[in-house]
Amino acid sequence: MTPIVQESAGPGGKAAIRPRVLVVDDEPTLVELIGEVVSRSVNCWMISARNLGEARHILATQPIELLVTDVHLPDGDGMSLIPALRKQQPNASAIVITGSPSVDGAINALRSGALDFVPKPFSADQLAERVRKALERQAAMAKAERRLVRLRSAVKRLNDARKVVTKKVDLLCNDLISAYGELSKQLDVVRTQEGFRKYLAGARDLEQTLCHAMDWVLRQLGYSNVAIWLASDDSDFQLGAYMKYTIAGEQALTDAMKKGLVPLVVKDGLLNLGPEEVQERLTPAELDYLADQHVLAVNCTYLGEPLAALVLFRDAKSGFTDEDVASLKAISPIFAVALAEVVRVSQGEDAEGDGAKEGEQEEGYKPFLDEEGGNGKRKKNNKRDEADWWKRGEPPPF
């Protein structure tokens, strides 16, 4: 197992990279001849082995570009090296030489993976030409394999980049969907507020402001019992309006709500109480009426000050939805602004003088006027308002 020809130094003293050719034959003279002739015409590095054992060791420990092996070796068939060559160095090629040439032998050699089959006797030039062509083909195959490896590597990098891009696109799409969903919710709030604002715009006084508010709530959220509590000067709340759907506004109920629900919603800002929460948070007096109800309430504030508490409740079997909660929450600041405007206008009228002194309230004044008379502080308006249907004892128009 000795090298036949040493590597020569290239320009600058650096050894040139040359293909390795392993010659396996038990005839030393033939091996030397091959080494001399081939090395003169082919720029390669030649290694020899005398038998299968030495050849297998070289294949397992050194890179080989071309195997040249005799069929008949002292310890076996030289063609048995070809499967080992394919397994350990798949890019290498093989040439088989034999002194007993036959068609079957050539076919078997090629089927085993040999690149060429050379019968003896042959001239040194013939063998050198075969080796040169085999190395050229092997070099072309190796170059193609390297290109294929680079292509696979590029494809892998592209796939990795595609996955990263896809992930970023997915994240961007999710962000856009979330942003669109949030924008859609905000637009829904704006539409709800503007619709409610326009609905209240037709109200001429406190009475109609409350009428319009309850009418809008019933149209948008469905039939329910509605109670509107208005803040008074002493930070207390008085019942401003009550709309019966299934439960009458009896004194015991309204007194209980004034002591329980109203302070609770003023403190929390928003209440959405199902049957279980109702049992946990309401007082026993309220539970006498509201035990099986779904309660929805909101605190309506203006410049940080609570002006009203809007309370809705109905049977829990047909309770309020998340959209109902969002709608009530959206209109609460609009309702507070409308109440503040009513107070401002009322104070302006009082300042001009309308038969009552500042701080006085006429005896028998009620927040809701009947159709036939006033309280002495507001002028009667005979214009029919559809939002006053409940006051006139009419069925709901919706």
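Apart from one condition, residue 197 fits all of (1) assigned by TED's automatic domain parsing to the domain that holds residue 343; (2) closer than 20 Å to residue 336 by Cα; the exception is (1).
Residues in region 310-336 that are small (Gly, Ala, Ser) and under 19 Å from residue 215 (Cβ atoms) were compared, and the one that is surrounded by the fewest Cβ atoms within 10 Å (Cβ to Cβ) is 330.
Name the single residue, out of those in region 187-198 being hydrophobic (A, V, I, L, M, F, W, C) and modelled with pLDDT under 90, that is surrounded by the most Cβ atoms within 10 Å (Cβ to Cβ).
Result: 189.
Residues in region 56-79 that are free of Cβ contacts under 8 Å to residues at least 60 places away in the same chain, in contact with a strand residue (DSSP E or B) (Cβ under 9 Å, 6 or more places away or on another chain) and of a type outside the set (D, E, K, R): 13 in all. Within region 170-186, is there a residue that is within 30 Å of residue 344 (Cβ to Cβ) and either modelled with pLDDT under 90 or within 34 Å of the chain's Cα centre (by Cα) (or both)? For region 170-186, residues within 30 Å of residue 344 (Cβ to Cβ) and either modelled with pLDDT under 90 or within 34 Å of the chain's Cα centre (by Cα) (or both): present.
Would you please name the residue that is surrounded by the most Cβ atoms within 10 Å (Cβ to Cβ), looking only at residues in region 233-251 that are hydrophobic (A, V, I, L, M, F, W, C) and in contact with a Phe, Trp or Tyr (Cβ under 8 Å, 6 or more places away or on another chain)?
Of all residues in region 233-251, those hydrophobic (A, V, I, L, M, F, W, C) come to 237, 239, 241, 243, 247-248.
Adding the requirement that they be in contact with a Phe, Trp or Tyr (Cβ under 8 Å, 6 or more places away or on another chain) leaves 237, 239, 241, 243, 247.
On the way: 237: 21, 239: 19, 241: 23, 243: 19, 247: 16.
Filtering region 233-251 for residues that are hydrophobic (A, V, I, L, M, F, W, C) and in contact with a Phe, Trp or Tyr (Cβ under 8 Å, 6 or more places away or on another chain), the one surrounded by the most Cβ atoms within 10 Å (Cβ to Cβ) comes out as 241.
Looking at region 115-138, is at least one residue part of a strand (DSSP E or B), more than 44 Å from the chain's Cα centre (by Cα) and β-branched (Val, Ile, Thr)? Checked region 115-138: at least one residue is part of a strand (DSSP E or B), more than 44 Å from the chain's Cα centre (by Cα) and β-branched (Val, Ile, Thr).
Say whether the condition of being in contact (Cβ under 8 Å) with a residue 60 or more places away in the chain and over 42 Å from the mean Cα position of the chain (by Cα) is met by at least one residue in region 231-238.
So far as region 231-238 goes, yes, one or more of its residues are in contact (Cβ under 8 Å) with a residue 60 or more places away in the chain and over 42 Å from the mean Cα position of the chain (by Cα).
Here residue 282 meets each of (1) surrounded by 23 or more Cβ atoms within 10 Å (Cβ to Cβ); (2) at positive phi with one exception, condition (2).
Among the residues of region 291-300, those that are surrounded by 20 or more Cβ atoms within 10 Å (Cβ to Cβ) and either at pLDDT below 95 or out of contact with any Lys or Arg (no Cβ under 7 Å at 6 or more places or on another chain) (or both) comprise 295, 296, 297, 299, 300. Within the set 48, 80, the sole residue that is in the same structural domain as residue 123 (by TED's automatic domain parsing), under 19 Å from residue 29 (Cα atoms) and of a type in the set (Gly, Ala, Ser) turns out to be 48.
Somewhere in region 329-352, is a residue under 21 Å from residue 247 (Cβ atoms) and touching a strand residue (DSSP E or B) at 6+ places or on another chain (Cβ under 9 Å)? No, region 329-352 contains no residue that is under 21 Å from residue 247 (Cβ atoms) and touching a strand residue (DSSP E or B) at 6+ places or on another chain (Cβ under 9 Å).
The values are calculated or read from the model by the stated rules, or taken from the named source; none is laboratory data. Since the structure is predicted, the reported quantities are computational estimates derived from the model, not experimental observations. A quick note on method: Cβ atoms are made from the backbone with ideal geometry, for glycine too, and the neighbour counts reach across all protein chains shown.
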